Amino acid sequence: MSPRACCRPRAPPTLLDITAKIVAANIPFQRIEERYERIPEPVQRRVVYWSFPRDERDICMYSSLARAPPDDHRNIAFCRGLKLLEAGCVENVLQVGFHLSGVVRAPAAVPPCSEPERLFRVTVSFDRCKITGVTCSCEARDIFWCQHVVALALYRIRNADSVRLRVPISETLLQMDRQQLQKFVQYLISEHHTEVLPTAQRLADEVLQARSAINRICGAPDPTAGPPPDAHHAWHLDEQQVCEQVRAYLLQGTYYNANKQLNSLFSKVREMLRAQDSNGPRMLMLMTEQFLSDPRLLLWRNQNTPMTEKCRQLWEQLGALWVSIVLDPGSNKHHRLQWRHLLEKWSAVEVCPTEDPDYRSFPLYARERERNERDRDRDHRDRDRERHRDREERDRERLREREERDRERHRERLRRDIHSHSESSDEESRPNNYEREYRRASKRLRLHNQRTATHLAPRTVFHKALDAVDISWENDHLKNILGGDEYSDPDKPEKPSGSSATTLQPYPKFNELGQPLWHEHLPVVGARIEALRAHGRAPAALRLAVSAARAMRHRQEVAQQRWQSVGAGEASSSGDSKACSGPETCSGNCGERVKLSLVCAHMDSGACQSGGATCALSHTQRCIGRDSRCWTGWTLEAIWCVYECLADACLAPDDQRASPRLHTAYLDEEPNTGLPPRYQHVPVAGSKNPEETYLALALEAALLGLGMQRMLPSGLYAQERYCKQEERLISQLQRVEGEAAAGVCGRAAGALLAGGPASCLGATVHPRSAPAHTFARYLFLTLLPADPDLAYRVGLRAMRLPMVEEAYALDAGGAGGSAASVGGGGAWHTLQHAEQQQAALASALLGAARGSPARLRAALAAAQRHVRSAAQLFRLAQDALRHAAPPDAPHHHRDLLAAAFELGLQVLRMTLASVNWRRREMVRWLVTCATELGLDALLSIMQNWYELFTPTEATGPVAAAAMSHATALRLGLTFEQQEKLSACARTLALQCAAKDPPGCALSALSVCEGSAGAFEAACAAVGGAAARGALASSQLFAVARYMEQRGQPARAMRLATLAMRNLHLHYNQDSHPAIADIHWAVALAHSLGRAELQAMLPLLVKNVQCAPVLSDVLRRCCVAAAGCSRSRPPPPRPPTPLRPLLEAALRAYASTTHARLAHISPRHYADFVDFLGKARDTFALAHDGPHQFAALLQEIKLKYKGKKKLMFLVKERFG
């Protein structure tokens, strides 16, 4: 909705209207009354007429969360008030001076609702085009104005000429005589006697008193004449409602609606700042007070846990808004001092969040305890100091007395014997010894009394704003940049000279075209730009962003020039440590050592080189601190500010995003407008280069900022934030398309490749520098259609991951390094994300190199060298296989298929000695890839299996795939090729069986079935391993069963005998998995003959103590020995060869009975009785079995007679 003027005269405005409009907007009415004794009524009427606000956007600002009046009628106060106005619900509007009143009629609801029509009385106070107070009888409780106030204000703006207008009531009273005044007062009291009569009587009593306060004051108050001049002049804002609403939103926690409402309030503050409204800082101050009163802060502090991510983002927005407020170019010194005082007070609060999200401190109760202990220690130290001081005085007194005695003794001895020099010298040395002891004691006392240095308090979220208070706008060069687009250096030529050997100055005010440059710490520049945009100074912010972008380009050129000079050897002799040590140890690498030393000195020590005014990176000596993370800062907020300011100037006029946008540098997502932004190239105002546009500058600044080499921040939240900001900025760059964008990317990529340590794409990078794979992938995909060679130079250079490579080098050297924490730089919490981006870049390189063998070999070598994560390398190999063999393609790309195979081989080598949960998938994938590649690949992995697979894997999926008929059909093998492949598989199986018999015995035998010689060799290997005890009983039983199935019962019997020797079954293992194998072995021995059975029974009696198992074996043997069928009962007595087995079963039942009774519980009584029933059946097989069973029962009854319930069950069952 476009703003409407309150009056559109057909004729030119009169001089009275022009002056009245200016006076009404800037001068309080009381000042006019004080200046002039009498003001004509027509002048008063025009001043009062123009004092009401004239812009509907101001009404919308205080009645909705939207930044502009929306086109659709949503459920907000402004739209509802607009509906009331259009429906003609505003009545009886009267303006008396600076007081507007009216009645708003709320129509009756729709018939399903029974709400009747209601009337609401609304009053509005205003002054100098600002509404200073509102009241409404609806008593709505909200931060913003209700729809009735909106309707009345919009009625006054749109129908200003039809509103009844009166001068202030005091002017009307001056025109009345005594009789008229008395009548006026009496009628007023009669009209509202129930409300004003007590007040009228009180005022009358005070007026009749000669010395009352009313009579001592000249004049009387007039609410319709406007507020006093010294009153706070601002739009009406209900501070109590702001506090209550913010407090309610914070108490809701991290719910989506609460965060949405708080973000909307922050947006409202930004809108107020853009409108130069003083309520912006006022509202933010109220919100800050409520944020600091959040009870969750104390909870998080006491529990020493980080706050939630959503809450952290809100605090970061709060701190960023305060930076924009204190950097207001229009603020005066008084305002800055007030803000400094508030920020310092808030920073001193114990629960104030720190600037570093990953900072952890002691809880408050622990800190209080530490403070108490420190006070107690201070008292102890004071007492110890007093005690030591007294002791020192006593020692000094004793020393003086002893020295005096020694001197007297010395003189006496000199008189006695002049020649006794040795004795006198000994005596002279004693005072020196005492003095030495005294000095030593004093030194110990001084060391004991030294206090430890106090730790500095951590920086809070408000410290950036405190730092910004001291930033000045009084620089003349800065003022000229912000003042206009025509500012330039008249001494510079219009076009640069063709000489390229000119040495560039590090920090000039103008470039070679005479265009202004602004060199400043980039986070400060970003804060300045954001502050200018926040306060509605978009043209000035755009000029500063242009100068900053040009300065970034100039610094990049300076860094590149200095790096080339250092690489040429000019700085190699700057110190003795850089000097060449001789041809025997130099090997021509002096220049590279100098470069690497500059990189380490720049990023590790946190300071520039001290040999000159500037370092090789165009920095002053004090520009880099350990916490500054190079000149771009460790976050990309400043780069985003510069880019957004320049890019917004290129938005298409009809783009929905062309309106002022919510700054979302601290949000995870942008406002979803439904459409991506549409950009157009707009020439830079005042530029001497016709090809320079705001969009090209924005893209170049973002690329140079992203391409700078930066230290990886420490802490989980900081690293995750860095990754999100980088991805978000790159997602914005991907929306810029066209040939101009490709040209800018090409120039930036070339500069970054030759930029040295200032660039993340330089020849060498620091091990703790932030990875650049996401940025390099964007550059690669952008440059690939236009300049493939440059794209591959960028991609191959960015493949490195120095921190991981250094960790692996330390680990290989025995230093025990870790990829997540190396080099003293703290833990790398986003290592997995970096490895994923590295694999994505490598996948793009391999996929784009399908038609170029040279590029494919280079990409493959880079991936094999730099990708150290087995999981990511496996993912890369899978991507390469998909690129090489698409499902719908008739032919496969052999070179890319070979590259995928090489990557798979490296994955298996890396995971051979480590545990990986995807190892089985990797093995199967490699076999599939080798099958796609051909016979030679299959033969190679089987011949070199010990480098790739474990013996179990080699004899399992690898050998099985090689021997399968499907593989032969897929490859189209001839009979000779199939035999060759099978022979290789059998050789592999024999080697695996010899190396790992427990895991490969059965599978090796299966593979070798087709060849008699190989099968015999495998059997011999398995038999030898079994004889050595290398196989467990379960494995031996499995191999024995396999031998029986193959028709070799003798070998199966030998293996079963070996298995029985290794098997031990205790009395309580009646559900052991080997029971089935025992029954099978006994049946096998019985089927082979009596000799084999007699050889098996001693092993069974010796190694099996489980009574049910022995009894089952005994019964089966009895049945088999009798030769009877299942329909006839078994013989009552076992044959003689089974007597040892019977005796062992009886002994096992007796011992198991006592063992179970020792720890039996009532719930197991029924099971025990059933167990005795089985025992009785087994005892019945013996000659005197019933007597033995009866004796066992009698022993049980005597020994366990205390278990009455159990004994009752036993007697009931067995008598």
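The values are calculated or read from the model by the stated rules, or taken from the named source; none is laboratory data. What you see is a predicted model; the values in this text were computed from it and never measured. Virtual Cβ from ideal backbone geometry, glycine too; neighbours counted across all protein chains shown. We work out accessible area using only protein heavy atoms, side chains counted, and drop any ligands, DNA or RNA first. Shrake-Rupley method; radii C 1.70, N 1.55, O 1.52, S 1.80 Å.
Summary table below
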| item | result |
| --- | --- |
| Filtered residue count, region 242-280, keeping only those that are over 30 Å from the mean Cα position of the chain (by Cα) and assigned to a helix (DSSP H, G or I) | 8 |
| Total residues in region 739-754, condition touching a strand residue (DSSP E or B) at 6+ places or on another chain (Cβ under 9 Å) and surrounded by fewer than 24 Cβ atoms within 10 Å (Cβ to Cβ) | 3 |
| Residue 314, sole failed condition from (1) in contact with an Asp or Glu (Cβ under 8 Å, 6 or more places away or on another chain); (2) crowded, with 17+ Cβ neighbours inside 10 Å | (1) |
| Exclusive hit being assigned to a helix (DSSP H, G or I) and open to solvent by less than 10 Å² (accessible area, probe 1.4 Å), set 1004, 1050 | 1004 |
| Restricting region 1166-1215 to residues that are open to solvent by less than 80 Å² (accessible area, probe 1.4 Å) and not in a helix (DSSP H, G or I), the residue that is nearest to residue 1112 (Cα to Cα) | 1181 |
| Test result for residue 1108, over 60 Å from the mean Cα position of the chain (by Cα), modelled with pLDDT under 85 and not aromatic (Phe, Trp, Tyr) | no |
| Test for residue 258: is it within 26 Å of residue 722 (Cα to Cα), open to solvent by less than 50 Å² (accessible area, probe 1.4 Å), among the hydrophobic types (A, V, I, L, M, F, W, C) and without any contact (Cβ under 8 Å) to a residue 12 or more places away in the chain | yes |
| Candidate set from region 789-848 (those that are acidic (Asp, Glu) and open to solvent by 50 Å² or more (accessible area, probe 1.4 Å)); member that is modelled with the lowest pLDDT | 811 |
| Residue selected from region 672-702 under the condition touching a Lys or Arg at 6+ places or on another chain (Cβ under 9 Å), modelled with pLDDT of 85 or more and crowded, with 23+ Cβ neighbours inside 10 Å, by the criterion nearest to residue 749 (Cα to Cα) | 700 |
| Region 169-193 - residue that is under 30 Å from residue 131 (Cβ atoms) and open to solvent by 90 Å² or more (accessible area, probe 1.4 Å) and, of those, farthest from the chain's Cα centre (by Cα) | 175 |
| Flag for residue 228 being at pLDDT below 80 and not assigned by the TED database to the domain that holds residue 307 | yes |
| Complete set of residues in region 268-290 that are open to solvent by less than 10 Å² (accessible area, probe 1.4 Å) and within 21 Å of residue 308 (Cβ to Cβ) | 287, 288 |
| The one condition in (1) among the polar types (S, T, N, Q); (2) farther than 30 Å from residue 534 by Cα; (3) modelled with pLDDT under 85; (4) open to solvent by 20 Å² or more (accessible area, probe 1.4 Å) that residue 75 fails to fulfil | (2) |
| Cβ pairs under 8 Å, 6+ apart, first in region 293-305 and under 13 Å from residue 352 (Cα atoms), second open to solvent by 50 Å² or more (accessible area, probe 1.4 Å) and part of a loop (DSSP other than H, G, I, E, B) | 300/306; 301/350 |
| Count - residues of region 301-318 that are more than 16 Å from the chain's Cα centre (by Cα) and closer than 14 Å to residue 262 by Cα | 2 |
| Residue list for region 907-927, filter: closer than 18 Å to residue 938 by Cβ and open to solvent by less than 50 Å² (accessible area, probe 1.4 Å) | 907, 908, 922, 923, 925, 926, 927 |
| Flag for residue 981 being part of a loop (DSSP other than H, G, I, E, B) and more than 21 Å from residue 1053 (Cα to Cα) | no |
| Some residue of region 135-155 being open to solvent by less than 70 Å² (accessible area, probe 1.4 Å), free of Cβ contacts under 8 Å to residues at least 24 places away in the same chain, within 30 Å of residue 84 (Cα to Cα) and of a type in the set (A, V, I, L, M) | yes |
| Residue that is nearest to residue 225 (Cα to Cα) [pool: residues in region 6-37 that are assigned to a loop (DSSP other than H, G, I, E, B), modelled with pLDDT of 80 or more and out of contact with any strand residue (DSSP E or B) (no Cβ under 8 Å at 6 or more places or on another chain)] | 27 |
| Flag for residue 1086 being out of contact with any Asp or Glu (no Cβ under 9 Å at 6 or more places or on another chain), open to solvent by 20 Å² or more (accessible area, probe 1.4 Å) and of a type outside the set (Asp, Glu) | no |
| Any hit, region 300-308, residues being surrounded by 19 or more Cβ atoms within 10 Å (Cβ to Cβ) and within 27 Å of residue 544 (Cβ to Cβ) | no |
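Conditions (1) polar (S, T, N, Q); (2) in contact with a Ser or Thr (Cβ under 8 Å, 6 or more places away or on another chain); (3) in the same structural domain as residue 645 (by the TED database); (4) part of a loop (DSSP other than H, G, I, E, B), marked per residue:
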residue: 685; (1), (2), (3), (4): no, no, yes, yes
residue: 714; (1), (2), (3), (4): yes, no, yes, yes
residue: 721; (1), (2), (3), (4): no, yes, yes, no
residue: 732; (1), (2), (3), (4): yes, no, yes, no
residue: 762; (1), (2), (3), (4): no, no, yes, yes
residue: 765; (1), (2), (3), (4): no, no, yes, yes
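Residues are listed down the side, and each one gets a yes or a no for (1) modelled with pLDDT of 65 or more; (2) part of a helix (DSSP H, G or I); (3) of a type in the set (Gly, Ala, Ser):
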site	(1), (2), (3)
335	yes, yes, no
341	yes, yes, no
344	yes, yes, no
350	yes, no, no
357	yes, no, no
360	yes, no, no
366	no, yes, yes
369	no, yes, no
